[in-house]
Structures are given as C-alpha cells and as structure tokens.
Amino acid sequence: MCRNHVGMGDSFDEEELPALLKGRFSVKHIGAVCKGGIHFASGYLWCSVGLKHTSNQDYLQAVAGVLKTLRGPWIFAADFQNTPEELEASGWLKLVGGKIVAPAVPTCGKRIIDFFVVSLDLAEAVMGVKTVGDALCKPHRPVRLYLRARPRMMVVRTLKSLGTLEAEQPRGPAYKWEYDVGGAEELSLDAKYDMFTAGMENEIVSLTPMDEKQKEAMVGRSLGPQFVQKCALGDDVSAPRRTTATSRAWRRTVGWLDELASSVNVVVKLAAKHRLCTYQHPEPNKSKATQEQLEGFKKFLRWRTVVAELAEALPKHPSWVRALREAAEKNATR
C-alpha cells in the first residue's frame, strides 16, 4: 500500500467506536484491489475466557454494529482466540453477513485461531488463504489472504428493484389526466389491471422532479418480475455510511418519544422528556461530513429547540407526541 495512488482513510470515526472496542478494533478504507476500494478491519478478542464469555459476546456484537454500517465489501482479520468452527456455531456470521476463510495450517500452537471473515459479496473473490511459515514471530504465525484480480467484474443475476412511489400530494393545482381506454371492455381482468398499474405509475412519476433514468427505475410493475445483472460487490465503498451523526440523533429521539408515548412508568417518562430536550448529541466531524450532513444536523437542532418549548405539555397531548415521532422517524431514514 505504499504506492502514491493508493490512499487509506477512515471507514468509521474512531471517536464513535464503543468503549469496549477501543484498542482492540480498527477499520480503514483502502482505495485498492477494486474500484471504490475495500474496508479492512482488524481485531483482537479477549483470551483465556472462551467465546461465550460476556466480554467476547459484547465485543462481537459491537463489531457487528460497526460492520453493518459500512457500504461495500469488507474484510475482518482478527485473533479470534477461538477456532473457525466455534465462531460459526455462535451464529455471529449470520448477524454480520460474512463468511469465514481460514488456513488449513495451525496459526498458534496446534490451533487455527487467526483467520479472516469476509463479507458475503466478496466471498467468491477469495482465491485462498495461507499461513506464513517463515515469519520470525511467535507464538502466532501471520496469515495471508489471496483475492482474484478485478473482483468488481463479478456479476450476479437478481430481480430488478423498483423505487417506492410515496403517497405525497404534489404542490400546485391538480392536473386532469385523460386516458385512451378504447377497447378496454374486451380486455381480460389481468390486462385491465396491468393497464391501470402502468397508467398510475406514469402519472405519479410525471409529478416528481426526476430525470429519465430515475423515472425508468420507478416503473415496470405491470411487466412482472424482471431480472438484471448487478455487480456482486454491491454498493460503491465511496458512498457514505448507512448511518450518520444526524440519523443517529433522529433515531435516539424516536426511541425517547416512544417511551414518552407508551411507558406507564412516571420515572421513565420524565427521563425520556429530559433526554429529549437536553441530551448532547455528538456533532458530525466537520472535516469529514458532507455539507448536506452538516445542514441536516443544524435542521435537527432547530427542530429540537421547538420540541423543548413544548416539552411540558407533551405528556398531556399524546397526538402531539405521535406527530413528532412520525416526523423524527421519517428524518431518521433519510
């Protein structure tokens, strides 16, 4: 990774890592191997206590939380302190969507405890994994992973995913559509349904500010299931993570509004109201966040200021709480 065109950046802000991962887990985005790069993570589990110990269970859960926020393929290399069979039996692989790739030769003593877990979309690009036998280090031996060249050339056949047509009334006067339904009486019920669906899609899409490519991705329900070829590695790593400081702030707010609306415990309600108004949400890193993310966080703070002014009256007005929760949940998914 020493070439001048290969860069390495943060996949996850180290300040946001859970406390139990600090010093035992790190993840970086390396712009190599394939277009968009790959996330490389390394870790070290607690030794001499077993995989079922609370320390290791909490560690694996926290790692899963980090890996699930990443876009694109990832590789997790670790001293797992346990064999591949023990890790697979734990069910953790299903949680993260990964596959174990381990060498056949022991890596520490007589056991194989140093190996890789790769995301499922990258698994088919793995050519092999070997234990390095001539390394001058003890008691562990290094492990080397081999990937095929140009892994983004791998494609899979998958169902075409159609966009969601939101039930939001457009601004401005309503446009009266006129359809040519000549000969519809002679059509079968299925054909009439297809005609209605196609007309409904075209009418809704025409009311939205989309380009032709975006419109094409929204229509096609009347044609039935359609298959397309997609890159097996999925999303481009260069895209933002699935979670941001702003989205996490909105999600916390949704949880507190739920407690305020449904809890019968007075103490829980008071605590939720207090957090709703005073909790210091971590701000986006100004050197890494996009302008849209920074503006989104400012919007959240303005919204919370309004909520704080209504806080005392919220317990008496459940409908207000439901409306605020609906608004927070909608913003949390953007």
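Would you call Thr158 among the β-branched types (Val, Ile, Thr), at negative phi and surrounded by fewer than 12 Cβ atoms within 10 Å (Cβ to Cβ)? Write out each step before concluding.
On the way: among the β-branched types (Val, Ile, Thr): yes; at negative phi: yes; surrounded by fewer than 12 Cβ atoms within 10 Å (Cβ to Cβ): yes.
In short, yes.
Residue-wise test of (1) closer than 25 Å to Lys176 by Cβ; (2) surrounded by 13 or more Cβ atoms within 10 Å (Cβ to Cβ).
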residue	(1), (2)
Met195	yes, yes
Glu201	yes, yes
Gly220	no, yes
Gly224	no, no
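Taking the condition of being assigned to a helix (DSSP H, G or I), more than 11 Å from Val219 (Cβ to Cβ) and not aliphatic (A, V, I, L, M), how many residues in segment 186-206 meet it?
Step one: filter segment 186-206 for residues assigned to a helix (DSSP H, G or I), giving 186, 189-206.
If we keep only those that are more than 11 Å from Val219 (Cβ to Cβ) too, we end up with 186, 189-196.
Cutting the leftovers down to not aliphatic (A, V, I, L, M) gives us 186, 190, 192-194, 196.
The qualifying residues number 6.
Residues considered: Lys286, Lys273. Of these, the only one that is of a type in the set (Lys, Arg) and not in a helix (DSSP H, G or I) is Lys286.
Within segment 29-50, being crowded, with 17+ Cβ neighbours inside 10 Å, in contact with a Ser or Thr (Cβ under 6 Å, 6 or more places away or on another chain) and either aliphatic (A, V, I, L, M) or assigned to a strand (DSSP E or B) (or both) holds for His29, His39.
Only residues that are over 16 Å from the mean Cα position of the chain (by Cα) and on the phi < 0 side of the Ramachandran plot were counted across segment 42-92, and they come to 32.
The condition (being in the same structural domain as Ser48 (by TED's automatic domain parsing), of a type in the set (A, V, I, L, M, F, W, C) and either part of a loop (DSSP other than H, G, I, E, B) or within 30 Å of Val27 (Cβ to Cβ) (or both)) is satisfied by just one residue among Met210, Met127: Met127.
Let's see how each residue does on (1) in contact with a strand residue (DSSP E or B) (Cβ under 9 Å, 6 or more places away or on another chain); (2) over 21 Å from Ala249 (Cα atoms); (3) modelled with pLDDT under 90:
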site: Val6; (1), (2), (3): yes, yes, yes
site: Leu17; (1), (2), (3): yes, no, yes
site: Leu21; (1), (2), (3): yes, yes, no
site: Ser26; (1), (2), (3): yes, yes, no
site: Phe40; (1), (2), (3): yes, yes, no
site: Gly43; (1), (2), (3): yes, yes, no
site: Val63; (1), (2), (3): yes, no, no
site: Thr69; (1), (2), (3): no, no, yes
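One residue stands out among those in segment 108-117 that are at pLDDT below 95 and in a strand (DSSP E or B): the one that is surrounded by the most Cβ atoms within 10 Å (Cβ to Cβ), which is Cys108. Surrounded by 15 or more Cβ atoms within 10 Å (Cβ to Cβ), in contact with a helix residue (DSSP H, G or I) (Cβ under 6 Å, 6 or more places away or on another chain) and either hydrophobic (A, V, I, L, M, F, W, C) or touching a residue at least 60 places away in the same chain (Cβ under 8 Å) (or both), is that true of Val101? Spelling it out, it is not the case that Val101 is surrounded by 15 or more Cβ atoms within 10 Å (Cβ to Cβ), in contact with a helix residue (DSSP H, G or I) (Cβ under 6 Å, 6 or more places away or on another chain) and either hydrophobic (A, V, I, L, M, F, W, C) or touching a residue at least 60 places away in the same chain (Cβ under 8 Å) (or both).
Scanning segment 123-159 for residues that are basic (Lys, Arg) and in contact with a strand residue (DSSP E or B) (Cβ under 6 Å, 6 or more places away or on another chain), we see that the one that is nearest to Trp74 (Cα to Cα) is Arg152.
For the criterion of being basic (Lys, Arg) and either at pLDDT 85 or above or touching a helix residue (DSSP H, G or I) at 6+ places or on another chain (Cβ under 8 Å) (or both), Lys288 fails.
The values are calculated or read from the model by the stated rules, or taken from the named source; none is laboratory data. In this text, all values refer to a predicted model and were calculated from it rather than measured experimentally. Don't worry about glycine lacking a Cβ; one is built from the backbone with ideal geometry, like all the others, and counts go over all protein chains shown.
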